[in-house]
Amino acid sequence: MKTQTANQYRLEKIAAEMANKFGKIKGQEEAYSLLLACMEGNMLKTRRINHKCVSRRAMEAVNMALMTVNGYLNGIAYDFGDYMNEENRQLYLALMKSFDPQHNDEIPRPPAWSLNPDNIDNITAFYAAPVKCLVRIKESVEFWMKKMGNDGYFVFIEPAIAKIMNLDDKMGFAVIVDLEEN
């Protein structure tokens, strides 16, 4: 895998690029609800521990997660360099632990799966649902930041997710098969 430095422009454009490649969740949030709950729950748990993890940092974390998956598909390990700070790093890791076996040893790798070009179809299929969820979360973060300010996303999800998630600090995860493909 080659290493490439991520830049601000690519990070800001990655969600649109991945949405074009994988599609979006269109009225199917319920089908993706377990994975969405894990992703958003992990970020909320992280935010509870560090209140500097505001919505703006969540959007940056989503962009880095999408760029990481894009790197898996293209044989690139992205260096986030100066773009990564402590807060977006914590949120990024919370997101990645919710779906990525590279960041969470509890997630089993599908049989015969590895990060190499020979298995690109398997890798693409494995990450299709998480990419769609990440794109949906980014749209939600942007919407609630416009509506409620710099921390609008967390202000919005706190009461909704707090009712359904454990109050512990253990990171949740889910693996689902992309429902549109099957």
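The values are calculated or read from the model by the stated rules, or taken from the named source; none is laboratory data. These figures come from a predicted structure and were not determined experimentally. Cβ: placed from backbone, ideal geometry, glycine included. Neighbour counts: every protein chain shown.
Numbers for the structure displayed
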{"read-out": "In the range 1-42, the residues that are farther than 24 Å from Ile120 by Cα, in a helix (DSSP H, G or I) and without any contact (Cβ under 8 Å) to a residue 60 or more places away in the chain", "value": "Tyr9, Glu12, Glu30, Ser33"}
{"read-out": "Residue check for Lys138: closer than 21 Å to Asn63 by Cα, modelled with pLDDT of 75 or more and exposed (fewer than 12 other Cβ atoms within 10 Å of the Cβ)", "value": "no"}
{"read-out": "Filter result (out of contact with any Gly (no Cβ under 9 Å at 6 or more places or on another chain), at pLDDT below 85 and hydrophobic (A, V, I, L, M, F, W, C)) within the range 95-119", "value": "Ile107, Ala112, Trp113"}
{"read-out": "Options Ala15, Ala37, Ala31, Ala6; residue that is of a type in the set (Gly, Ala, Ser), within 30 Å of Pro159 (Cα to Cα) and touching a helix residue (DSSP H, G or I) at 6+ places or on another chain (Cβ under 6 Å)", "value": "Ala15"}
{"read-out": "Any hit, the range 52-67, residues being of a type in the set (S, T, N, Q) and either surrounded by fewer than 23 Cβ atoms within 10 Å (Cβ to Cβ) or farther than 18 Å from Met145 by Cβ (or both)", "value": "no"}
{"read-out": "Long-range neighbours under 8 Å by Cβ, at least six apart or interchain, first residue closer than 19 Å to Asp121 by Cα within the range 70-83, second at pLDDT 95 or above and acidic (Asp, Glu)", "value": "Asn70/Glu17"}
{"read-out": "Hits in the range 1-50 - residues which are of a type in the set (D, E, K, R) and touching a Gly at 6+ places or on another chain (Cβ under 7 Å)", "value": "Lys2"}
